[in-house]
Amino acid sequence: MIRDDDSIQSIVGAVMILQEQENTVLPLLEKQMKDIENGIENLLNAIQAGVLTSSTKGRLEKLEAQQKELEIRIAEEKLAKPKVSADFVKFWLTNFRKLDPNVKSHRETLINTFVNAVYLYDEKVLITFNYKDGTKTITFDEIAVKDAPEGNGSDLGCFAPPRTP
């Protein structure tokens with residue numbers, strides 16, 4: 001999959017779409033910021049027109065305090081989930097082409113990159129991936145059905161331990 005340019009382009013496109021959908025808080029904060037900036041501008045226009053009262057001044061100070069608070073929240077939100085460019089995602093994925101699956105350290109790198117944890121139960125395997133909503137539960141029956149026709153993977157029906165070289 002990583003060796004196929006079309007697959008990489010498809011993954012890059014999906015990442016870009018997911019990245020836009022993930023953060024719903026930031027657009028709301030930016031809209032609030034725009035509303036506050038409009039309110040400040042309207043009050044400044046009123047002050048320039050000669051309408052200066054204690055309530056106008058108090059409202060302006062309140063809006064400016066809200067503006068500072070929103071600036072901090074927007075910065076925190078941007079830092080929490082930084083956006084990556086399509087070129088960066090493509091570069092990152094194509095770097096995996098250099099890894100040789102026959103080399104143990106390269107296999108470990110792949111697993112450590114994409115898999116967070118694996119929990120083995122009597123009746124199932126729970127795999128937690130390193131991405132949003134990344135938990136997948138797989139039963140042993142599903143593994144046996146998937147691997148049986150192709151002959152790939154371990155034979156879960158055998159009783160002997162695997163041979164070691």
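Overview of results
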read-out	value
Where labels lie 7 Å past Cα in the beta-carbon direction, separation of residue 3 and residue 68 in nm	5.9
Spin-label model distance (nm) - residue 125 vs residue 77, 7 Å beyond Cα toward Cβ	4.0
Radius 12 Å from Cβ of residue 71, net charge of other residues (Lys, Arg +1; Asp, Glu -1)	-3
The stretch 42-65 and the stretch 67-82: distance between their alpha carbon centers, rounded to Å	26
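Readers should treat all values here as calculations from the given coordinates under stated rules, not as data from a laboratory. Quick caveat: nothing in here was measured; it's all calculated off a predicted structure. Because the Cβ atoms are built from the backbone with ideal geometry, glycine has one as well, and the counts that use them run over all protein chains shown.
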